[in-house]
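Taking it in order: structure first as structure tokens, then the write-up.
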Amino acid sequence: MKELKKRIREEGRVIGSEILKVDHFLNHQIDPVLMLKIGKKFANIFQKKEITKVITIESSGIAPALMTGLELEVPVIFARKKKPVTLDEGSLVTEIFSFTKQVTNSVFIEKGMLIPGDRVLIIDDFLANGEASLGLTRIIEMAGAVVAGIGIVIEKSFQEGRMRLEQAGYPVFSLARVASLNHGQVTFIDEKQVQ
Ligand code: 5GP
């Protein structure tokens, strides 16, 4: 997605050689116009997959997930990182290691939020080692629902997330694929290789 790559080039800040900071349009301040375009793009990619729900993890996945759900006209669920007191017994829980925070969190969704027969689209802001997306696939399958696709806004292709998800049988569609962040520079995988 050309516009997204332009924004990453112009506004992204590289931290070390592994972290990309895009706090001006995705992770802190959110650009709703860009998010809507991202939602339209994902909706277009997954339109034939008969998606019944979109799922993400709070908080940075919510904006692109919401816009995708808006375009597909399906509900959007965000897995919670803190167990709310209102959560019913029997909620679905899995452990996810956070790449940016370097801690393991339990993430929760309410029982009954996903039902057998649901065809669920996972949307996330970044793909690094695949822990977040793999955690969501576990929760979807615990509920007896089906993973119908995975859509990622920014994939860091030099990390192993894509390989792990594909090996587990889940195809990944990313809007921007970063080949490297070496020397503070963002290099993308050739546009033609991006689905
Ligand atoms: P994974 O679970 O694939 O290892 O990492 C993906 C999650 O970690 C995303 O949900 C995102 O919140 C966070 N993350 C991973 N890499 C980056 C990065 O370079 N920049 C930002 N802002 N978040 C990242």
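Tabulated data
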{"quantity": "For residue 181, solvent-accessible area (1.4 Å; no DNA, RNA or ligand), Å²", "calculated": "0 Å²"}
{"quantity": "In nm, spacing of pseudo-spin labels at residue 47 and residue 17 (7 Å Cα→C-beta vector)", "calculated": "4.2 nm"}
{"quantity": "Listed residues 33, 103, 22, most fluctuating in the chain (Gaussian network, C-alpha, under 10 Å)", "calculated": "103"}
{"quantity": "Hits among lysines - C-alpha to C-alpha of residue 37 under 22 Å, sequence gap 8 or more where chains match", "calculated": "2, 5, 6, 21, 48, 49, 53, 156, 192"}
{"quantity": "Calculated FRET value between residue 29 and residue 138, using beta carbons and R₀ = 30 Å, to 0.05", "calculated": "0.40"}
{"quantity": "Whole-number accessible area per residue in Å² for the chain, which is evaluated in the context of all protein chains at 1.4 Å", "calculated": "50 Å²"}
{"quantity": "Potential lengthening between residue 73 and residue 173 on full extension [0.36 nm per residue; Cα-Cα distance subtracted]", "calculated": "34.0 nm"}
{"quantity": "Helix-derived mean residue ellipticity, 222 nm - over the chain, DSSP H n ≥ 4, -39500 (n - 2.57), to 500", "calculated": "-8500 deg cm²/dmol"}
{"quantity": "Within a Gaussian network of the chain (alpha carbon springs, distance under 10 Å), most fluctuating of 167, 102, 185", "calculated": "102"}
{"quantity": "Lys/Arg +1, Asp/Glu -1 at C-beta; the chain dipole; positive extreme among 137, 100, 25", "calculated": "25"}
{"quantity": "Exposure ranking of 46, 158 by accessible area [1.4 Å probe, largest first]", "calculated": "158, 46"}
{"quantity": "Within the stretch 1-103, trypsin sites (Lys or Arg not before Pro) in DSSP loop having at most 11 other beta-carbon neighbours inside 10 Å", "calculated": "82, 101"}
{"quantity": "Full-extension gain in nm, residue 59 to residue 101, via 0.36 nm per residue minus C-alpha separation", "calculated": "13.8 nm"}
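The values are calculated or read from the model by the stated rules, or taken from the named source; none is laboratory data. No experiment lies behind these values; they were computed from the predicted model shown. So basically every Cβ, Gly included, is an ideal-geometry build from the backbone, and we count neighbours across all protein chains shown. Note: areas computed on protein heavy atoms with side chains; ligands, DNA, RNA excluded. Shrake-Rupley method; radii C 1.70, N 1.55, O 1.52, S 1.80 Å.
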